[in-house]
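The structure under discussion appears below in the form of structure tokens.
The values are calculated or read from the model by the stated rules, or taken from the named source; none is laboratory data. Computed from a predicted structure; not experimentally measured. Note: ideal-geometry Cβ built from the backbone for every residue, glycine included; neighbour counts use all protein chains shown.
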């Protein structure tokens, strides 16, 4: 999923801040799992990586808050900020803290040696499949230095989607769930129904 959030450079100039962490794009393809599989997944785990594509220049000590929702990972890690298609490392998005009870991870830009516009880094997260009982998302919000001043709007990507493998339907010509079983037919038919066929649909 690709979602882009932007911030006016004019607004930043008016605020007069020297640090900059303006915009980023979260790049991730969600994984769909079935609720039936999750119920039997046991101790199986999943490693997920969300690529953060930076659209402007970040400065040392700019902070990033990454909020997981729906399903919380067991661990989270940042990574090197790379330019030129991953050839040149120009900084690091270092993990400061992660609270597994709330799903909030805080990262900080450190060791920035060049313009980060057009560069990217990865956020890695470990999940237990057994925990994936609903849609899991991650949102990204940058802040100026250590302040509470938000830069741009938060961007969100989906990590997991959950759906059932099966769906049940009943015929409009009668509700089999409330029909009367015909005892004289060895309980193999319903009374006063043209058919007693059960239909199962697998999506």
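Considering only residues in the range 26-35 that are within 13 Å of the chain's Cα centre (by Cα) and outside any strand (DSSP E or B), the one that is farthest from residue 83 (Cα to Cα) turns out to be 30. Within the range 36-63, the residues that satisfy the criterion of being at pLDDT below 85 and either over 20 Å from the mean Cα position of the chain (by Cα) or part of a helix (DSSP H, G or I) (or both) are 36, 37, 38, 39, 40, 42, 43, 55, 56, 57, 58. Cβ-Cβ contacts under 9 Å between residues 6 or more apart (or on different chains), taken from a first residue in the range 116-140 that is on the phi > 0 side of the Ramachandran plot to a second residue that is not in a loop (DSSP other than H, G, I, E, B), are listed as 118/53; 118/54; 118/83.
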